[in-house]
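Colleague: So that we are looking at the same thing, I have put the structure below in structure tokens.
The values are calculated or read from the model by the stated rules, or taken from the named source; none is laboratory data. Keep in mind that this is a model prediction, so the values were computed, not measured. Reconstructed Cβ throughout: ideal geometry from the backbone, glycine too, with neighbour counts over all protein chains shown.
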Amino acid sequence: MNDSAAHRDDWTESEELAERMIPLIGALRREHDVVTSLHGHRLLGLSATGLVEVHERVAQLGHERLPIEDSLAVLEAIHALAPGASSLDVARLVAGHTESGQPLETYLAEVLAPAMGAVAAEPTDVVLYGFGRIGRLLARILIAHTGGGSGLRLRAIVVRRGAENDLVKRASLLLRDSVHGRFAGSVTVDEEAEQIIANGTRIQVIYSDDPATIDYTAHGIHDAIVVDNTGRWRDEAGLSQHLRSKGVARVLLTAPGKSPLKNIVHGINDDTIADTDHILSAASCTTNAITPVLAAIDEAYGVVKGHVETVHSFTNDQNLIDNFHKGDRRGRSAVLNMVITETGAAKAVAKALPQLEGKLTGSSIRVPTPDVSLAVLHLTIARPATKDQVNDYLRRVSLHSKLRQQIDYVESPDVVSTDFVGSHRAGIVDGLATIADEDTLILYVWYDNEFGYSCQVIRVLEVMAGSHPIVLPERPEVTLQG
């Protein structure tokens with residue numbers, strides 16, 4: 001048999017194994033509220049080809065190669081055990097089983113013991129106030145996460161009517177996206193009820209200019225979390241208008257919030273969220289991308305000072321062609337120019353990591369790409385470092401630590417920005433670009449400033465709602481020495 005035929009047979013065998021995984025993944029979600037992932041890459045809804053691809057991709061992004069037959073064996077054993085509501089990383093279960101030397105069923109019974117009999121949280125209603133780039137991505141994620149009637153439930157969006165066929169246009173924008181591709185499923189409209197129906201989820205479209213006068217209870221919505229995606233209000237006074245509407249319990253802003261609002265970066269300070277916090281901010285996409293990496297470096301090496309330069313995709317507040325703009329330089333064509341602008345992301349890091357207060361400066365260059373940005377962290381560190389040492393540490397942090405959902409790591413000479421469209425992580429360290437010279441450390445961190453950030457927002461929502469299931473295996477602390 002020649003090499004080509006052998007590779008084809010290997011692929012065919014992998015597809016057959018993946019096809020056997022699909023009903024197990026679906027049944028675990030529907031019957032037991034068990035969410036499965038592979039190093040943070042969600043498995044639910046993937047095709048057989050998609051499952052094979054994600055196994056290959058995690059290996060290419062610096063993870064250990066994971067045989068698909070091992071994943072299938074773990075899924076079959078989990079299904080037989082029938083644990084309760086939980087979030088299970090199949091890749092880490094495979095690795096843990098290999099290290100344990102125990103029979104698979106014995107190992108899984110021990111590790112999954114905390115999830116046996118676990119009951120899913122009561123559902124929490126979510127309203128998206130604004131339906132732009134972030135709003136529509138949040139909708140996609142919430143719809144994809146729907147299952148078993150628990151967790152976060154997208155109930156409504158609030159917008160200002162833009163045209164007579166507004167409902168159809170909103171649905172079309174949810175269905176088709178030039179950057180993130182077509183919605184995975186069906187999107188229709190019920191014009192009489194003014195609802196968008198996406199994969200069976202009915203989303204009430206509410207037209208309003210006033211956040212304080214909406215009666216959500218008239219649509220069966222109660223104790224909802226309103227996610228304000230407009231950026232129109234960033235202070236407590238403005239955002240508290242939402243709380244005056246019937247049916248609203250809490251508010252989350254998808255932009256940096258002004259003091260005294262807590263700016264939450266999931267994985268860093270989400271443990272400070274209290275039931276008495278009725279208004280919170282999920283900070284900015286850049287703050288979410290750099291803060292976890294800075295936290296990891298500060299813990300291992302100590303950050304003395306630093307400068308953060310972001311190379312950021314253009315955003316909707318810039319002009320396509322030269323025209324008047326109240327901001328400096330942003331009036332010049334976004335698609336033809338690199339545009340120097342300000343960013344508060346570096347200073348905002350201290351809101352989540354107080355120990356870095358006053359240690360960081362920042363600036364930004366907007367560039368002619370629609371999505372995925374790059375942060376360059378130029379740091380002076382207290383403990384001398386080498387490139388290999390830093391990269392090994394950050395690779396292990398991305399694989400095994402409690403920041404696994406926030407930090408990813410890649411070593412490839414060919415990756416460019418479009419390779420990170422759709423990343424679930426807040427930031428991805430480009431290991432080959434790392435520069436380390438004694439007390440000077442320069443890191444390059446990619447981030448999908450739309451989807452990666454939206455995933456962080458969802459994680460904050462889950463904490464607010466108390467709806468995130470137990471995560472297994474537990475994520476250990478990662479030390480510099482390993």
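Colleague: Show the residue pairs that are 6+ apart or on different chains and have beta-carbon atoms under 6 Å apart, the first residue being within the stretch 152-172 and within 15 Å of Arg250 (Cα to Cα), the second being in a loop (DSSP other than H, G, I, E, B) and modelled with pLDDT under 95.
Modeller: Pairs that qualify, where the first residue is within 15 Å of Arg250 (Cα to Cα) and the partner is in a loop (DSSP other than H, G, I, E, B) and modelled with pLDDT under 95, are Leu152/Ser467; Arg153/Pro123.
Colleague: Please tell me if Arg404 is in contact with a Lys or Arg (Cβ under 7 Å, 6 or more places away or on another chain) and farther than 18 Å from Arg133 by Cβ.
Modeller: Working: in contact with a Lys or Arg (Cβ under 7 Å, 6 or more places away or on another chain): yes; farther than 18 Å from Arg133 by Cβ: yes.
So Arg404 passes the test.
Colleague: Another one. Using the structure shown, decide if Val158 is within 19 Å of Arg202 (Cα to Cα), under 23 Å from the mean Cα position of the chain (by Cα) and either modelled with pLDDT of 95 or more or of a type in the set (A, V, I, L, M, F, W, C) (or both). Walk me through how you get there before you give the answer.
Modeller: Details: within 19 Å of Arg202 (Cα to Cα): yes; under 23 Å from the mean Cα position of the chain (by Cα): yes; either modelled with pLDDT of 95 or more or of a type in the set (A, V, I, L, M, F, W, C) (or both): yes.
So Val158 fits the description; yes.
Colleague: Now for a different question. Being surrounded by fewer than 22 Cβ atoms within 10 Å (Cβ to Cβ) and not polar (S, T, N, Q) narrows it down to one of Val390, Val471, Val457, so name that one.
Modeller: Being surrounded by fewer than 22 Cβ atoms within 10 Å (Cβ to Cβ) and not polar (S, T, N, Q) holds for just one of Val390, Val471, Val457, which is Val471.
Colleague: Identify, by number, the condition in (1) in a loop (DSSP other than H, G, I, E, B); (2) surrounded by fewer than 21 Cβ atoms within 10 Å (Cβ to Cβ) that Asp437 doesn't meet.
Modeller: All conditions pass for Asp437, except number (1).
Colleague: Quick check: anything in the stretch 91-111 among the basic types (Lys, Arg), over 16 Å from Ile225 (Cβ atoms) and at pLDDT 95 or above?
Modeller: Residues of the stretch 91-111 that are among the basic types (Lys, Arg), as a first pass: 92.
Retained after the next criterion (residues that are over 16 Å from Ile225 (Cβ atoms)): 92.
Filter once more, keeping what is at pLDDT 95 or above: none.
Checked the stretch 91-111: no residue is among the basic types (Lys, Arg), over 16 Å from Ile225 (Cβ atoms) and at pLDDT 95 or above.
Colleague: A further question follows. Which of the residues spanning the stretch 189-244 are under 17 Å from Val159 (Cβ atoms), touching a Pro at 6+ places or on another chain (Cβ under 9 Å), outside any loop (DSSP other than H, G, I, E, B) and not aliphatic (A, V, I, L, M)?
Modeller: Of everything in the stretch 189-244, those that are under 17 Å from Val159 (Cβ atoms), touching a Pro at 6+ places or on another chain (Cβ under 9 Å), outside any loop (DSSP other than H, G, I, E, B) and not aliphatic (A, V, I, L, M) turn out to be Asp228, His242.
Colleague: Looking for whichever is touching a residue at least 40 places away in the same chain (Cβ under 8 Å) and either in a loop (DSSP other than H, G, I, E, B) or at positive phi (or both) here; the options are Gln389, Gln405. Which one fits?
Modeller: Gln405
Colleague: Taking the stated definitions as given, is Gly181 more than 20 Å from Val227 (Cα to Cα) and modelled with pLDDT under 95?
Modeller: no
Colleague: A further question on this structure: Within the stretch 202-217, does at least one residue satisfy the condition of being out of contact with any Cys (no Cβ under 9 Å at 6 or more places or on another chain) and under 30 Å from Ser417 (Cβ atoms)?
Modeller: Scanning the stretch 202-217 turns up no residue that is out of contact with any Cys (no Cβ under 9 Å at 6 or more places or on another chain) and under 30 Å from Ser417 (Cβ atoms).
Colleague: Just need a number here: residues in the stretch 197-215 that are surrounded by fewer than 16 Cβ atoms within 10 Å (Cβ to Cβ), under 25 Å from Leu239 (Cβ atoms) and at pLDDT 95 or above.
Modeller: Filtering the stretch 197-215 for residues surrounded by fewer than 16 Cβ atoms within 10 Å (Cβ to Cβ) gives 197, 199-200, 202, 207-210, 212-213, 215.
Retained after the next criterion (residues that are under 25 Å from Leu239 (Cβ atoms)): 207-210, 212-213, 215.
Now drop any that are not at pLDDT 95 or above, which leaves 207-208, 210, 212-213, 215.
So the answer is 6.
Colleague: Which one of these does Arg366 not meet: (1) touching an Asp or Glu at 6+ places or on another chain (Cβ under 9 Å); (2) in a strand (DSSP E or B); (3) more than 27 Å from Lys262 (Cβ to Cβ)?
Modeller: Tallying (1) touching an Asp or Glu at 6+ places or on another chain (Cβ under 9 Å); (2) in a strand (DSSP E or B); (3) more than 27 Å from Lys262 (Cβ to Cβ), Arg366 fails exactly one: (1).
Colleague: When you scan the stretch 164-180, do you find a residue that is in the same structural domain as Asp209 (by TED's automatic domain parsing) and at positive phi, even just one?
Modeller: No, the conditions are met nowhere in the stretch 164-180.
Colleague: Out of all the residues in the stretch 119-136, is one or more of a type in the set (Asp, Glu), over 15 Å from Asn229 (Cβ atoms) and free of Cβ contacts under 8 Å to residues at least 12 places away in the same chain?
Modeller: Checking the stretch 119-136: not a single residue is of a type in the set (Asp, Glu), over 15 Å from Asn229 (Cβ atoms) and free of Cβ contacts under 8 Å to residues at least 12 places away in the same chain.
Colleague: Which residues, counting only those in the stretch 171-196, are surrounded by 14 or more Cβ atoms within 10 Å (Cβ to Cβ), among the hydrophobic types (A, V, I, L, M, F, W, C) and farther than 23 Å from Glu450 by Cα?
Modeller: Val189
Colleague: Further question: Residues of the stretch 105-120 being touching a helix residue (DSSP H, G or I) at 6+ places or on another chain (Cβ under 6 Å) and surrounded by fewer than 18 Cβ atoms within 10 Å (Cβ to Cβ), which ones?
Modeller: Glu105
Colleague: Further question on the same structure: Out of all the residues in the stretch 1-28, which are of a type in the set (D, E, K, R) and at pLDDT 90 or above? Write out each step before concluding.
Modeller: Initially, the stretch 1-28 is screened for residues of a type in the set (D, E, K, R), giving 3, 8-10, 13, 15-16, 19-20.
Correct list: Glu13, Glu15, Glu16, Glu19, Arg20.
Colleague: Take Gly302 and decide whether it is at pLDDT 95 or above and outside the structural domain of Arg133 (by TED's automatic domain parsing).
Modeller: Criteria met by Gly302.
So that you can scan it fast, the table gives a plain yes or no per residue for (1) surrounded by 22 or more Cβ atoms within 10 Å (Cβ to Cβ); (2) acidic (Asp, Glu); (3) within 20 Å of the chain's Cα centre (by Cα); (4) not in a helix (DSSP H, G or I):
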residue	(1), (2), (3), (4)
Arg30	no, no, no, no
Thr36	yes, no, yes, yes
Gly45	no, no, yes, yes
Gly50	no, no, yes, no
Val58	no, no, yes, no
Ser71	yes, no, no, no
Val94	no, no, no, no
Glu99	no, yes, no, no
Glu122	no, yes, no, yes
